[in-house]
Amino acid sequence: MSHTDLATYAERADLTLGRRVPEPASRTRTAFARDRDRIIHATAFRRLKEKTQVFVAHEGDHYRTRLTHSLEVAQIARSLAHALRLDDDLAETIALAHDLGHPPFAHAGEDELVVQMAGHGGFDHNVQSFRVVTELENRYPQFDGLNLSWETVEGVIKHNGPVSHRLDEPAWSVVRPYRTGGEAGWDLRLGTFASLEAQCAAVADDIAYNNHDVDDGVQAGLITLQDLDQVPLIGPMLAQVRSDYPDIDDRMLRIEAVRRMIGVMVEDVLAETARRLEDDRIVTTEDVRTAKRTMVDFSSEMHADLAILRKFLFERMYRHYRVNRTRSQARRVLSQLFELFMAEPEVMPPEWSTPALTRDRTQRARAVCDYIAGMTDRYAIEVHQKLFSLDLALDL
């Protein structure tokens, strides 16, 4: 979309606040499109293909991984941004980057790293995503990280809202230099809302995971279509599809109902966002950042229905005994790897063992944490087997 077609409250790539390390502009891409391409080519992005969404990545080819989830979030975010006359490149870019910091084994992996990093600076996957794009990716001789545009970095750390209230948490200490007057010299305005494009990415995340978790849960046999008949959002969609196609099989019924549920949620966001923009008299990007509430959001009715759906998924899927077994195994794998690497950092690859070979246990723990957080599910399992199984001791 040309900047002349954008709404007055949309971000504009030609007016970007720039990169922390100045670079010549691209001849062929806008600043935000260039950011998107850097994320797609990043090592951390490729690794998402074998990181869990709910199921361990090797459990089936059809379940969502962090990569397929991020692609679905990006598609929905881009569609929302286009409909709202925002910069769809920026919305897509933030969506693609939002999960770069997730460790292996989904929330079980994060829970274990939180435990292991207690007393060593903490762990938070949103902060880890921020560190990936500003520090950990090592692809350019001129700078650490990806040197993304200000608007993209702001969206990565603030897409869920202002974060200044979190800066006293140990895990968020690396973000403190980016506050007003901070030593980074790059003020991300941490006490304000992010752009509407970033807000599109955040709500697209909610739309994507609620829908694909229903889809994956049915495919995995953890829940049935009949279980969902009385659940808000998905229940009415199932009834509607059965009415439209009386002879439809269960597979197509599931796919069509989920497709329609995505559409209903997108339309709800667009209507609610339009209402808020008008009611709050939002005209400029500054109005967006200093607003008293999120602008891109669900209606109160949709929030109520989503709360019931999430409660159902939590009770019937996320805490299903099969998922609990996987979570238990995952946490043991990461716990044992963390403890071994802390005791014997020299068994890690050189790029990680070098910073870990220090008497400063907090610095060592951070290097161990970064190494583990970057692992895929499959790689974490393989490393654990090689280090803890005598049968594989000669195959290191």
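The values are calculated or read from the model by the stated rules, or taken from the named source; none is laboratory data. A quick note: this is a predicted structure, and the numbers were derived from the prediction, not measured. Here Cβ is always computed from backbone atoms with ideal geometry, including for glycine, and neighbour counts include all displayed protein chains.
Since residue 172 meets every condition but one in (1) crowded, with 21+ Cβ neighbours inside 10 Å; (2) out of contact with any strand residue (DSSP E or B) (no Cβ under 8 Å at 6 or more places or on another chain); (3) farther than 26 Å from residue 36 by Cα, which condition does it not meet?
It fails just one condition, (3).
Run down 294, 285, 354 and say which single residue is at pLDDT 95 or above, of a type in the set (Ser, Thr, Tyr), in contact with a Leu (Cβ under 9 Å, 6 or more places away or on another chain) and over 18 Å from residue 104 (Cβ atoms).
285
One residue is enough: does region 183-197 have a residue meeting the conditions part of a helix (DSSP H, G or I), small (Gly, Ala, Ser) and farther than 22 Å from residue 96 by Cα?
Within region 183-197, none of the residues are part of a helix (DSSP H, G or I), small (Gly, Ala, Ser) and farther than 22 Å from residue 96 by Cα.
Check region 316-324 and report whether any residue there is in contact with an Asp or Glu (Cβ under 6 Å, 6 or more places away or on another chain) and of a type in the set (Lys, Arg).
no
Output the residue which, of all residues in region 21-44 that are crowded, with 18+ Cβ neighbours inside 10 Å and in a loop (DSSP other than H, G, I, E, B), is nearest to the chain's Cα centre (by Cα).
By that ranking, first place goes to 42.
Can you name the condition, by its number, that residue 216 falls short on among (1) more than 22 Å from the chain's Cα centre (by Cα); (2) more than 26 Å from residue 82 (Cα to Cα); (3) buried (at least 17 other Cβ atoms within 10 Å of the Cβ)?
All conditions pass for residue 216, except number (1).
Of 363, 329, which residue is surrounded by fewer than 16 Cβ atoms within 10 Å (Cβ to Cβ) and within 16 Å of residue 110 (Cα to Cα)?
Every option except 329 fails the conditions.
Of the residues 216, 206, 144, 168, only one is within 21 Å of residue 90 (Cβ to Cβ) and either among the acidic types (Asp, Glu) or in a loop (DSSP other than H, G, I, E, B) (or both); which?
Exactly one residue qualifies, and that residue is 206.
Among the residues of region 219-250, which ones are crowded, with 19+ Cβ neighbours inside 10 Å and either part of a loop (DSSP other than H, G, I, E, B) or assigned by TED's automatic domain parsing to the domain that holds residue 95 (or both)?
222, 223, 231, 233
Answer with yes or no whether residue 94 is of a type in the set (Val, Ile, Thr), more than 16 Å from residue 39 (Cβ to Cβ) and at pLDDT 95 or above.
Spelling it out, it is not the case that residue 94 is of a type in the set (Val, Ile, Thr), more than 16 Å from residue 39 (Cβ to Cβ) and at pLDDT 95 or above.
Please enumerate the residues belonging to region 91-129 that are closer than 17 Å to residue 53 by Cβ and part of a loop (DSSP other than H, G, I, E, B).
Within region 91-129, 98, 99, 100, 101, 102, 103, 104, 105 qualify.
Does region 251-274 contain any residue that is within 25 Å of residue 190 (Cα to Cα), surrounded by 18 or more Cβ atoms within 10 Å (Cβ to Cβ) and touching a residue at least 40 places away in the same chain (Cβ under 8 Å)?
Yes, that holds for at least one residue.
Would you point out which residue out of 372, 308 is modelled with pLDDT of 95 or more, among the hydrophobic types (A, V, I, L, M, F, W, C), surrounded by fewer than 18 Cβ atoms within 10 Å (Cβ to Cβ) and part of a helix (DSSP H, G or I)?
308
If you scan region 180-206, which residues turn out to be farther than 18 Å from residue 286 by Cβ, in contact with a helix residue (DSSP H, G or I) (Cβ under 7 Å, 6 or more places away or on another chain) and surrounded by fewer than 19 Cβ atoms within 10 Å (Cβ to Cβ)?
182, 183, 184, 186
Any idea how many residues of region 381-396 are modelled with pLDDT under 55 and in contact with a His (Cβ under 9 Å, 6 or more places away or on another chain)?
Counting residues in region 381-396 that are modelled with pLDDT under 55 and in contact with a His (Cβ under 9 Å, 6 or more places away or on another chain) gives 0.
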